[in-house]
Each structure stands twice: as C-alpha cells, then as structure tokens.
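Data block below; observations after.
Bear in mind that the values in this text are calculations on the coordinates, not laboratory data. All values derive from a computational prediction rather than experimental measurement. Neighbour counts run over all protein chains shown; Cβ positions are idealised from the backbone, glycine included.
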Amino acid sequence: GDTSLEDAMKEAIKYDDTLLVEAFVEGEEITVPILGEEILTPVSIKPKNSFYDFEAKYIRNDTEYLKSDLNAVELDTVKEFSFHAFSCLGCQGWGRVDLIKDREKNFQLIEINTVPGLTEKSLVSKSAAIEGIDFNNLIVRILNTSCLK
C-alpha cells in the first residue's frame, strides 16, 4: 500500500524493539535444492503477480515452477554459490538455498532453508522430478543422506 517505511517501522516497534529492515530486490526468484554433496536442478519461481507471498504459494494455484533457464556460466555460479553458502553455515544433509537474480543479473541470497517442505508438490520434489527422481526415491535419498551423520 501507501504506508511509508517510517510508518511501518513505528507499527513494528510496538511488537518488538529489534527490527530487521531489508531492501526489496526485484528479480527472478530461484531455489536450489541440496542433497548431500549433490546440487539439484535450480527451479525458477514465477508468480503471476509481482510478489511470491502466501497466496501465491498455497492459495491461488497460478505460480509457475520451471527449470531455471540460466546459461551455463550462471548455472555453475548459482550451484557453486548455493553449496558454498549452505556448507559455510554448517548445514548438512539436505536443504534448499533461495536466491534472487536481480535486474543487473547478480545473484543475491534470500535464505537457506534447512527444513524445506517435503510433499510431492514442494520445491525440492519439483527439482528432483526434473532430474527424473520420483518422490519415493527422493525420500530414500534424503534418509540415506541424513543417516550418514
């Protein structure tokens, strides 16, 4: 809406005296699943509206999830960066790294998800399916990766 940053901060401070304010980065959202030492196919998230919110994820059913159309150099960069970020933070086993490819074609980390959704419609499952890994096989691979600890 038309709420200013200052107004939003005044409202938020009513609930907690510590605020985290981030810039909105416009661009293509990409998720990169990691399974042990393997980096699965990045998936581009394309909501019909400009923002990938709760409605876009779970309600409207109009968001597209596609194999990312990154070129070979971008694909290598995204995979290497994602695995490095995941590992540097001490993450192990399986998870998901979410990025945005901004308008200048730079990749910016959004978050590392160490407990991603795990249904047949979840992002990790969508990526695995692109690679020909069915849901049951994915579960077995996650369990095997997790048992290596």
What the Cα atoms of the range 55-142 span along the principal axes, largest first and in whole Å, is 35, 33, 24
If the chain between residue 24 and residue 143 were fully extended at 0.36 nm per residue, the gain over the current Cα-Cα distance would be 39.2 nm
Given a Förster distance of 35 Å, the FRET efficiency implied by the Cβ-Cβ spacing of residue 9 and residue 102, rounded to the nearest 0.05, works out to 0.90
In degrees rounded to 10, the 0-90 angle between helix 72-88 Cα long axis and the longest Cα principal axis of the chain is 80 degrees
Cross-link reach from residue 121 to aspartates and glutamates, straight Cα distance under 13 Å and at least 8 residues apart if same chain, gives 64, 134
As straight-line cross-link partners of residue 101, the qualifying lysines (C-alpha separation under 22 Å, not fewer than 8 residues apart within one chain) are 46, 48, 57, 67, 79, 126
Magnitude of the Cβ-charge dipole (Lys and Arg +1, Asp and Glu -1) of the range 26-147 about the Cα centre, nearest 20 debye, reported as 240 debye
From fewest to most C-beta neighbours within 10 Å, the residues 3, 31, 145 line up as 3, 145, 31
FRET efficiency for residue 118 and residue 75 from the Cβ-Cβ distance with R0 = 25 Å, rounded to 0.05, comes out at 0.55
Low-density loop chymotrypsin sites (Phe, Trp or Tyr not before Pro), the range 46-149, at most 11 other Cβ within 10 Å, DSSP non-H/G/I/E/B, are 51
In Å³ per residue, the alpha-carbon convex hull of the chain encloses 149 Å³
Taking a ≥ b ≥ c as the square roots of the Cα gyration tensor eigenvalues, with a/c under 1.5 meaning rounded and otherwise prolate when a/b beats b/c or oblate if not, the range 98-149 comes out prolate
The rounded separation in angstrom of the Cα centers of the range 96-149 and the range 1-51 is 18 Å
Helix-only [θ] at 222 nm, the chain, -39500 (n - 2.57) per DSSP H run of 4+, per residue, nearest 500, equals -9500 deg cm²/dmol
